[in-house]
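All remarks here apply to the structure that follows.
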C-alpha cells in the first residue's frame, strides 16, 4: 500500500519529450518586447530561452532561466502561468499560448540531469551578509549576492533548506529533488547554509546585526493559527502547513485511508491539505468555507484541480466545535450555516452565522487552513516596524525601518503589500540583493 | 569561455557572425544597432551608383505552416547617395572600432570606376571590401552583379583592378547561378582576391497567386525573377563552400553565406571550411537579437567539446568531403526499427515499399502491429529514418562488411589493369 501512496505523491505532470519540446519551441514567435517577459515577475527572457531550446543550446537556455530566477526550476512547476507568462502570450488571440512553464521545466530538467555548472561566485569583496530563512526569497537573494562577491550566511531553523519549496508545496507538484537542486546550486556558490539554526534560540538577532554588514529577513510565515473553538487539541486535528510538510518529508502514513476529512478554509493551502488528504487515501474530503465560491482565495486552477480530485466544497459553512470520542479522537464537526452580511472595513461582505442552523458532520480528521501566523517576536527582536506582523518596507528597495535590514518574501506580504507567489518572492530576493549591492558599491566606485 | 574572435584574411572581428550585405545593413543606424546586439561584423549594403528601387520587393515561402523557409527579393543595391553612406560608415567605425565593417561594392566593369570607389570607401576606414559579383536581379541586366560574376574572366579582371589600389583585404562574393562555382572562385583567386564569400542569392520566383495569376511579388501586375535565400538554400550554399574549401586552387579564406539561422548552421559552415559566416534572412525574420543565441550556443558548443578557439573549428570536416568515386562501395548500413518506441504511423513502410527497396515488413505479434527490416534487402538508403517522426525509433547501424573497402575509382583501376 505504501508504494501506492508514494505513487500518489509522485509528480503529476509528465515532462515533455524532446519532440514535443522542439515542436513547441519552434512555435514560439520570438516576439520583440514580448509580453511574456513583462508578465514574469522575474522578467525571464522567455523568447530567448525558448529559442535556445529550438537551437539545441540547452545550457544557454537553462542559464537564461536561472539567471533571471534562481528558483526557475520550481517556478516552472508552481507558477500560475495562465495568469502570468502564458496568459500574456500573444498566441492566445490566434491559436493557443506557448507552453512556457513546460518548456522552462524541460530546460531546467536538462540542467539538473547533466549537473552542468551554471554560475560562479563573484570576486570576494569582503562584505558579509546574513539571510534569515532559506525559502524562495532568501535563496534568491543569497544566489545574487554570492555572484556579486559577498560572503553570505543563511540561517535556517529547519533541518533542510528551501523553505516553502522544500516543505510547503505538495510533492505531486514540486518533487523534493527540484527544491534540493536549487538549494545545492546556491550552496555551490559558497553560500554557507546553517540549518537547524533558529534565530532567537541558537543565535540572537542582536548578534546577527552586529556581526554582519547587512541582514535580509526572509522568514516567511508560521503555522496555522487556532480556530478558537472547542476540540482543537483532539487527535486528528491538523495544521495544514504541518500536514503538507509531513508528506514532503516522505512520511506517508496509512491512517487516513478510507477516512472522512474536513478542511477549514479555502485558500491555496486548504487545497493543498485537501488534495494531500485525498492522496493519503481519504474517502471523503470536504472543504468548509464560511464565505462562497466567489470569495475563495485559491487560484482558479487549484480549485479546478481539487474538484477533479473529488474534493467536496461546503460554502457558507463555519466550524463551531470539534467533537471527540472518549479516546480523544475526532469523530465529528459541528458546523453552522452562514450568510453574507454588510461589507466590512476591507470591503468584503462579512459572513454571519444563521441562528439555529447548526448541524454535525461525521469526520475522522480536521485540517485547519485559515491562514498563517506571523513571526512577530522575531521581527521585533530585529527591532523592525511592522503592521500586524507584516514587516513595513519601502517596496522599491525592500528596506525595513532599520536601514541595515531588508525584508522580502511572505514576511512582507499582507495588508495590501506584496504578492504571495513564489516567483514574486524570488524577485524580491533579487531586488533586496541589488539594493544592498548598490549601497555598498557606490561609495567606492564614486571615489 | 571559448575565444570566438576570427581573423578572415586579416579582417578581425570579435565573433564569426557578420550581417550580410542586404537590407539589414542599409544604414549606420541599423549597423550600430546590430553591433549593440552583438554582431561581430557587417558587410554594408552594396555601394555603387545609387539606384531606384521598386515597391513590393520581398516574398517568402512558407513550408507546411513554417514561415520564411525561403526568402525572395527584388530589391537592388543602395538607393542612398554614396556620400551619405560613407559618412555613416565613418561614424559607425568610430563608435565600434573593434567590429568589422566591410564595404560591399558594385560598379560597372571599368578599371577607373573600381579604382575610384575603392579609394573612397577605404578613406573612411573600412576593414575590408567585398566585391558584389553575385546580385542576380536588376543590376545583372546592366552588366553588373551576377552578369559579371558568371564570367570567370570578368571576375578575375575586376578583382585585379580592385587589388591594384586596395589597401584592405578584398573578398569576392560569388554567385551560385553558375554550374561550377569553383571556376569563378579560382578566377577570383587568380585576380588576387584575399578571400571569397558565397553564396549570393539564387534566381527565383517565390510563387504565383492562384486568384489573380500575378507573380509573387508583383509590381503593379508584373513580376521579375528575384534572388532566393533563407533556410531553404543552406544545403546548396554549404556544398559550394565545401567545394571551394577542398579545391587547392581556391587557397583563400571563405566567408560562408546562405540560410544560416542559428549557431548550429554556423558551426556546420565553419567545419566545412568557412572562417566566418554572414547572415541576413534570419535577422530579417526575427531581428538582430538572434545573434545572442548564436554567440552563446557556439560558445557552449566549443566549451563542451573542449575547443579553445573558434578558429580551431574551421575546415575540420573538409578532408571528409570527397568525390563519389572515392566512397567505399563495401561500406554497409542497415535500418533497425525499435518497436518499443515506434508509434506505428507506418510511414517508413510505405516510403520503402512505394519509393525505395521494399524491405520493411508489417506484421503482428500477439495482436500488436510491428515493423521489421529485412536486412538482406536493405540498401541503407536512410529514407525510413528520414520520414520517421519519432526520435530513436529507427536507427541506421553499420554491418561490418566481410570484404575489404573498395572505392569505384579503385575498382575501375583494378579492372583496367586486368584488361591491360
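The values are calculated or read from the model by the stated rules, or taken from the named source; none is laboratory data. Computed from a predicted structure; not experimentally measured. Because the Cβ atoms are built from the backbone with ideal geometry, glycine has one as well, and the counts that use them run over all protein chains shown.
Here are the numbers:
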item	result
Any hit, segment B:327-347, residues being within 14 Å of chain A (Cβ to nearest Cβ), surrounded by fewer than 21 Cβ atoms within 10 Å (Cβ to Cβ) and under 19 Å from the mean Cα position of the chain (by Cα)	no
Test result for residue B:392, within 23 Å of residue A:20 (Cα to Cα) and either part of a helix (DSSP H, G or I) or free of Cβ contacts under 8 Å to residues at least 24 places away in the same chain (or both)	no
Enumerated helices (runs of 4 or more DSSP H) restricted to segment A:48-92, each holding at least 1 residues that are under 17 Å from residue A:114 (Cα atoms)	A:58-68, A:72-78
Residues (under 19 Å from the mean Cα position of the chain (by Cα), within 17 Å of residue A:21 (Cβ to Cβ) and crowded, with 22+ Cβ neighbours inside 10 Å) located in segment A:55-107	A:65, A:72, A:73, A:76, A:77, A:81, A:85, A:104, A:105
Single residue of B:21, B:27 found to be in contact with a strand residue (DSSP E or B) (Cβ under 6 Å, 6 or more places away or on another chain) and either surrounded by fewer than 24 Cβ atoms within 10 Å (Cβ to Cβ) or over 20 Å from residue B:289 (Cβ atoms) (or both)	B:21
Residue match in segment B:304-324 (condition: modelled with pLDDT of 95 or more and at the interface with another protein chain (Cβ under 10 Å from one of its Cβ atoms))	yes
Checklist (1) assigned to a helix (DSSP H, G or I); (2) within 16 Å of the chain's Cα centre (by Cα); (3) surrounded by 21 or more Cβ atoms within 10 Å (Cβ to Cβ) applied to residue A:186, failing item	(2)
Given (1) in contact with a helix residue (DSSP H, G or I) (Cβ under 9 Å, 6 or more places away or on another chain); (2) away from chain A (no Cβ under 12 Å), number of the condition residue B:293 does not satisfy	(2)
Unmet requirement for residue A:16, which otherwise passes all of (1) within 14 Å of chain B (Cβ to nearest Cβ); (2) crowded, with 17+ Cβ neighbours inside 10 Å; (3) closer than 28 Å to residue A:144 by Cβ	(3)
Residue list for segment B:268-280, restricted to those being touching a strand residue (DSSP E or B) at 6+ places or on another chain (Cβ under 8 Å) and within 14 Å of chain A (Cβ to nearest Cβ)	B:279
Test result for residue A:112, within 12 Å of another protein chain (Cβ to nearest Cβ) and either surrounded by 24 or more Cβ atoms within 10 Å (Cβ to Cβ) or assigned to a helix (DSSP H, G or I) (or both)	no
Tally of residues being assigned to a helix (DSSP H, G or I) and either out of contact with any helix residue (DSSP H, G or I) (no Cβ under 9 Å at 6 or more places or on another chain) or modelled with pLDDT under 95 (or both) across segment A:225-245	1
Boolean, residue B:207 is surrounded by fewer than 17 Cβ atoms within 10 Å (Cβ to Cβ), more than 14 Å from every other protein chain (Cβ to nearest Cβ) and more than 15 Å from residue B:315 (Cα to Cα)	yes
Candidate set from segment B:39-68 (those that are surrounded by fewer than 13 Cβ atoms within 10 Å (Cβ to Cβ) and free of Cβ contacts under 8 Å to residues at least 40 places away in the same chain); member that is nearest to the other protein chains (Cβ to nearest Cβ)	B:66
All strands (runs of 3 or more DSSP E) inside segment A:311-416 with 2 or more residues being buried (at least 21 other Cβ atoms within 10 Å of the Cβ) and in contact (Cβ under 8 Å) with a residue 12 or more places away in the chain	A:317-324, A:330-343, A:365-368, A:405-407
Segment B:395-420: number of residues that are surrounded by 13 or more Cβ atoms within 10 Å (Cβ to Cβ) and either farther than 23 Å from residue B:357 by Cβ or within 14 Å of chain A (Cβ to nearest Cβ) (or both)	2
Enumeration of residues in segment B:105-120 that are touching a strand residue (DSSP E or B) at 6+ places or on another chain (Cβ under 9 Å) and over 14 Å from residue B:49 (Cβ atoms)	B:118
Some residue of segment A:257-265 being surrounded by fewer than 19 Cβ atoms within 10 Å (Cβ to Cβ), without any contact (Cβ under 8 Å) to a residue 60 or more places away in the chain and closer than 24 Å to residue A:166 by Cβ	no
Some residue of segment A:205-212 being in contact with a helix residue (DSSP H, G or I) (Cβ under 7 Å, 6 or more places away or on another chain) and not in a helix (DSSP H, G or I)	no
Matching residues in segment A:19-47 - criterion: being part of a loop (DSSP other than H, G, I, E, B) and either surrounded by 15 or more Cβ atoms within 10 Å (Cβ to Cβ) or within 14 Å of another protein chain (Cβ to nearest Cβ) (or both)	A:28, A:29, A:30, A:31, A:32, A:33, A:34, A:40, A:41, A:42, A:44, A:45
Matching residues in segment B:247-267 - criterion: being touching a residue at least 40 places away in the same chain (Cβ under 8 Å) and either within 14 Å of chain A (Cβ to nearest Cβ) or out of contact with any strand residue (DSSP E or B) (no Cβ under 8 Å at 6 or more places or on another chain) (or both)	B:247, B:249, B:251, B:266, B:267
